[in-house]
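Since the structure comes first, as structure tokens, the remarks are kept for the end.
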């Protein structure tokens, strides 16, 4: 396994604020590495340095075994590209957005046309060439951003939370594309995410970034297997809780996650565990319902995020939990901030790690 | 009274649609003079605005504040200063451009430079900061990334040019004091409107006002249309 990117004691400060402090990291050629960390942990800074957009204050950064110094930044920019969390688009057509990097690289016109069509097909936006990019939906815009990066076929693809705040349909298209590119074109991918399921499905390795430092690196299996003490501590990671588990008389696990909340899971485990529930697996009702699901809670909606065809609710049940429902259900149930709702999910939807 | 206004309006429209050569002459001269003044202000104002919009340096805020302060400079004040400078006994009298179209062009260009500079600067500054990073990550050099930021500000850039042109064509002070309102040479829309009104020739004044307003409105609509098409 050859090391493609290496950070040695990299530090980056913005004025008084230390974004990265003495960070060490290796990226292996051809892998998908996810960087997991709470907001403000330095993920974006790390990725921007890797992409040659930002420069470290101290430390060493190697790209394909070559030390990157000030005269190498332009070169690494031509060998890597980054997709930002906040979709950035040029105010022009989808086609012109995709051709920007190709024109800089001096591709002939007919080749450009062919490559653009191919990249748009990958993100399932074939035929969108002439559409004004900024008039597309949020999810489609992010897919254009991804296609604009893919069209360049760089050796390194850097993704900064590419699916944050997108609806499930767009998320799955983006995830499939990422996986496809890695498999077919052997592109090395470094991706920051909040979504542990996404990391689990896509990544070969995890790196946990806390307060500007990589605190743990390992294969997906290792990190999830060792019940990382850091993983559950991220407040912003979705629906991850940590607690003591005991096996109940009917063979399930009961996990006390604090604040008087017990969650039941089908998998048998005892001792300290981490658990996560997919926001899509949580059923929301206005009244308590009788069902076969083992977990029911009552809470109040504290935050509502519109994702287009679906809506994400942050609900306070003693701890905050996120549920995702369709826009239609959201409108029919007339949910507002402060609305009291009941949450139901099956014991089999609770994943222990 | 209201009947007289209506009658004046009717006659004015008649004058416009009959293709009156005086109207045509004054309108063309106005557009040419103010258009050239706008071009001049862009030629010397845009490079400065681009530097102000893209770079960070000491004294930048002071320069920006100065141009902002000059946005509302009274046209008569500027007209008087230019008159004193350009008159035969003034320090720039040797240029011999007082009471000539070139004098109005330069005067109007100076008048609208603060608009050109301030508006273009803020158009560039309001471009999403991610655009520069985006250009860089797609392989652009620092210079190419800066060009992309300026390109991205083109709507605001165009708006700055239009606002400058509209201010130039609608101003009276400079055209009157530097141009002197000489028939057939320096007589423009605003100076003629003022003169004809004071002489009691309301019909011609109304006709010219309609033309002046139409130019301002049509130009603004045109820009709006272009912006929409760009998406």
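Bear in mind these aren't lab numbers, they're just calculated from the coordinates by the rules spelled out. From a predicted model like this one, the values you see are computed outputs, not experimental measurements. Here Cβ is always computed from backbone atoms with ideal geometry, including for glycine, and neighbour counts include all displayed protein chains.
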Each residue of B:137-147 has, on average, a number of other protein chain C-beta atoms within 10 Å of its C-beta equal to 6
Exposure proxy check: A:339, B:121 ranked by fewest other beta carbons within 10 Å? A:339, B:121
In degrees between 0 and 90, to the nearest 10, how far off the longest principal axis of chain A does helix A:138-150 point, with axes built from Cα atoms? 40 degrees
Using a Gaussian network model of chain A with C-alpha springs under 10 Å, which one of A:241, A:63, A:90 is most mobile by mean-square fluctuation? A:90
By Cβ neighbour count within 10 Å, fewest first, B:203, A:83 rank B:203, A:83
Would you calculate, for chain B, the mean residue ellipticity at 222 nm contributed by helices, counting each DSSP H stretch of 4 or more residues as -39,500 (n - 2.57) and dividing by all residues, to the nearest 500? -26000 deg cm²/dmol
Hypothetical label at residue B:170: residues of the range B:96-118 whose amide nitrogen lies under 20 Å (7 Å Cα-Cβ projection): B:105, B:107-118
Modelling each spin label as a point 7 Å along the Cα-to-Cβ direction, I'd like the residue A:114/residue B:227 distance in nm, to one decimal. 4.1 nm
Hey, how many Å between the Cα centroid of the range B:94-143 and the Cα centroid of the range B:9-64? 13 Å
Classify the range B:108-231: rounded, prolate or oblate, from the alpha-carbon gyration tensor (a ≥ b ≥ c, eigenvalue square roots; a/c under 1.5 rounded; otherwise prolate if a/b is larger than b/c)? prolate
If one compares the long axis through the Cα atoms of helix B:2-17 with the longest principal axis of the Cα atoms of chain B, the angle in degrees, nearest 10, works out at 70 degrees
Chain A, relative contact order [Cα under 8 Å, separation at least 6], %: 16 percent
Rounded, prolate or oblate: pick one for the range B:2-230, where a ≥ b ≥ c are the square roots of the eigenvalues of its C-alpha gyration tensor, a/c under 1.5 means rounded, and failing that, prolate if a/b is larger than b/c, else oblate. oblate
Test of understanding: in a Gaussian network model of chain A with alpha carbons linked when under 10 Å, which of A:204, A:167, A:259 would top the mean-square fluctuation ranking? A:259
Within 10 Å of each Cβ in peptide A:87-98, how many partner chain Cβ atoms are there on average? Round it to a whole number, please. 4
Using label points projected 7 Å from each Cα along Cα→Cβ, tell me how many nm separate residue A:306 and residue B:6, to one decimal. 4.9 nm
What list do you get for A:11, B:27, B:143, B:137 if you sort them by fewest beta carbons within 10 Å? B:143, A:11, B:27, B:137
Just A:184, A:129, A:264 to compare: in a GNM of chain A, with alpha carbon springs under 10 Å, which one fluctuates most? A:184
Only helices counted: for chain A, with every DSSP H run of 4 or more residues adding -39500 (n - 2.57) and the sum spread over all residues, [θ] at 222 nm is -7500 deg cm²/dmol
Within the range A:12-160, what percent of beta bridges assigned by DSSP are antiparallel, to the nearest 5? 60 percent
Shielding by partners, peptide A:146-157 (average Cβ within 10 angstrom, other chains): 1
